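Laboratory data are not the source of any read-out in this text; all were calculated from the coordinates shown. As the structure is a prediction and not an experimental result, all values here were calculated from the model. Neighbour counts are summed over all protein chains in view; Cβ atoms, including those assigned to glycine, are modelled from backbone coordinates with ideal geometry.
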Amino acid sequence: MNLIEAKGLTKKFQDKVVIKGLDMVIGQGEIVALIGPNGVGKSTTIAMLLGILSPDQGSITYWRTDYQQHLAVQLQTTPFFEGYSARENLALFSALYRIRLSEAELQNRLEACQLGDTGNTPAIRLSLGQQKRLALAVTTVHQPTLIVLDEPTAGLDPRASHEIRELIRQMVNNNQTVLFSSHDMEEVETLADRIIFMNNGQIIAEGAPKQLITENGVANLDELYLKLTQTPAVQPIN
Amino acid sequence: MNTIFMLSLKSALREPFLLFWSIAVPIAGTLILGYLVHQPDYAIRITTAMMAMGILFYGLTTTVFSLLAQRRRGVFQLLKVTPLPLSAFVVSTSGAGTLVSLICGLLVLTVGSLAFQIGLSPEALLMTGLVCLVAGMGYVLLSFFVSRLCRTEAQTSITANLISMSLLLLSDAFYSLDAAPAIVIQLSRFNPFQWFLNGLRGALLRDYLQWRFSLFVLAGFLGLALLLAIWSLKANDQR
């Protein structure tokens, strides 16, 4: 079953067309990575798929009419409520999904993402890694079917990135579908079932990581990235 | 909605700006000016002016910074993808802000009435509370619109101050407008802050006609502020 089917999505900002007739399908149970250089329209695509931005042309079909109740989103900026503790943010996000958690349930959720001791700390004072883990906890509080993560490990150290990847794997084990964007090709290779490669507002390659590597005759995704974005090789300085 | 209201209330009461601008400054101002200016009826003028100013500063200035921070962090974008209707979020958060501003106003009124022996019947208190509630909610909702107009703290500070100062200066909060230029008198008739003052004075002096008419005008201001708040939240952020 497909959770999202987008057809012919086009988006303009002022006079610049940033998404050009994009078709995309997200199937249930997949981990899909959306990759491409900065500014090619990944975040805009995600925003349109989520309904945050309206496409100028094209259509998006969801697997159910009340899809918002079964969708989780973590945008690039972690949108915690300022002045609220980690626990209060968790309670507040639950309320946004019409879920009321008891104190014990809140504590359990915080402990599940290794934040048991920092529940009373203001969310914006947590370290970046802790904030990302909290962001995952608050966005998945309602056991969503589809989880959309915009660069979930951006700016994190290797350990924090590893912890986030582990949390993403746990989600998939719970039979949840994940769409994420990333610049970390190692992360994409280890997590994704399917890659959607974007450049200049269009999809230029799509498929399983190994399939794309083989088809393009490259050794790994880093090389594929360089090949598809046609980045000239770095010349040694004489 | 109940959880959002309670958490918003808890967060609002922890706000240090609240204590300073909306409680400490109006109370100090009421006492200092009240004791310095010995004129009949000035006690009621200064108490109502400081109450209204405290509510305006909390409802507009304090709230607008909090909203700007939330908007810049993407909270409102996220709200668009949750099943909670925007109107429910606006009602819950602005309801908490309004309750806090009402508490601020009543604290100033209590100090003013004790210091200057202003008679406060339960009826006058109820009438005052109703005016504070309608005006306070109007300012809180207006802050949603103001936060939408600004992108930085500096812009927010300038815009919120321009609005607050214009509302204050185009009213007879601290001085009579009898000798003011005709344009100022004309503008004060469209100033919701002036109607807030009129409503408070009507409540304390039991001028029922003035109280009712002021409340009617403030209800219109509240309706307009609600429409602007909903538009602000629904409008997409374009880059």
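In table form, for the structure just shown:
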{"item": "Alpha-carbon Rg/Rh ratio, for segment A:1-135, with Rh computed the Kirkwood way", "result": "1.04"}
{"item": "Alpha carbon Rg of segment B:120-239, scaled by the compact-globule rule 2.2 N^0.38 Å", "result": "1.18"}
{"item": "In Å, descending, principal axis extents of the Cα set of the protein assembly as shown", "result": "92, 55, 51"}
{"item": "Label-point gap, in nm, between B:Asp207 and A:Thr65 - each point 7 angstrom along Cα→Cβ", "result": "5.5"}
{"item": "For segment A:79-142, alpha-carbon Rg relative to the globular expectation (2.2 N^0.38 Å, N residues)", "result": "0.95"}
{"item": "Cut-off under 5 Å, modelled amide H: who pairs with A:Ile195 long-range", "result": "A:Ala33, A:Gly207, A:Ala208"}
{"item": "For chain B: span of alpha carbons on each principal axis (Å, largest first)", "result": "57, 39, 32"}
{"item": "Rounded to 5, percent antiparallel among DSSP beta bridges of chain A", "result": "55"}
{"item": "Under Karplus coefficients 6.51, -1.76 and 1.60, residue-wise ³J(HN,Hα) of segment B:94-106 in Hz, glycine/proline x", "result": "6, x, 5, x, 5, 4, 5, 5, 5, 4, 4, x, 5"}
{"item": "Chain lengthening between B:Ala28 and B:Leu177 when straightened (0.36 nm per residue, less Cα-Cα)", "result": "51.2 nm"}
{"item": "Neighbour cut-off at most 13 other Cβ (10 Å), DSSP loop, trypsin sites (Lys or Arg not before Pro), segment A:71-145", "result": "A:Arg100"}
{"item": "Stokes-Einstein D (µm²/s) once Rh is taken as the Kirkwood radius of segment B:18-91 over alpha-carbon pairs, at 10 °C in 1.306 mPa s", "result": "108"}
{"item": "Tilt relative to chain B, helix B:42-56 - C-alpha long axis, 0 to 90 degrees, to 10", "result": "0"}
{"item": "Kyte-Doolittle mean at least -1.0 and Cα axial length at least 20 Å: DSSP H helices in chain A", "result": "A:158-173"}
{"item": "Nonlocal amide H pairs with A:Ala72, under 5 Å, H built at 1.01 Å", "result": "A:Leu146, A:Ile147, A:Val148"}
{"item": "Distance in nm between pseudo-label sites at B:Met6 and A:Glu5 (7 Å out along the Cβ direction from Cα)", "result": "4.4"}
{"item": "Phi to ³J(HN,Hα) by Karplus 6.51 cos²θ - 1.76 cosθ + 1.60 over segment B:173-190, Hz, x for Gly, Pro", "result": "4, 10, 8, 6, 9, 4, 9, 6, x, 4, 4, 5, 5, 4, 5, 5, 6, 9"}
{"item": "DSSP-assigned coil residues among chymotrypsin sites (Phe, Trp or Tyr not before Pro) in segment B:148-208, each with at most 13 further Cβ atoms within 10 Å", "result": "B:Tyr175, B:Phe190"}
{"item": "Gain upon complete extension [A:Ala112, A:Asn220; 0.36 nm per residue less C-alpha separation]", "result": "35.5 nm"}
{"item": "For chain A: Kirkwood Rh in Å [reciprocal of mean 1/r, alpha carbons]", "result": "18.9"}
{"item": "Normalised contact order of chain B, rounded percent, pairs of Cα under 8 Å and 6 or more residues apart", "result": "26"}
{"item": "Spin-label pair A:Asn174/A:Ser54, simplified geometry with 7 Å Cα→Cβ offset, distance in nm", "result": "3.4"}
{"item": "Relative contact order, percent, segment A:1-145 [alpha-carbon distance under 8 Å, six or more residues apart]", "result": "23"}
{"item": "Rel. contact order, % - alpha carbon contacts under 8 angstrom, at least six apart, segment B:95-237", "result": "32"}
{"item": "Packing-based exposure ordering (other Cβ within 10 Å, fewest first) of A:Phe80, B:Phe216, B:Phe5, B:Phe221", "result": "B:Phe216, B:Phe5, B:Phe221, A:Phe80"}
{"item": "Segment B:64-135 versus segment A:70-110: alpha-carbon centroid distance in Å", "result": "24"}
{"item": "Given B:Lys10/B:Lys234; A:Lys11/A:Lys42; A:Lys16/A:Lys42, the pairs whose alpha carbons are separated by over 20 Å", "result": "B:Lys10/B:Lys234"}
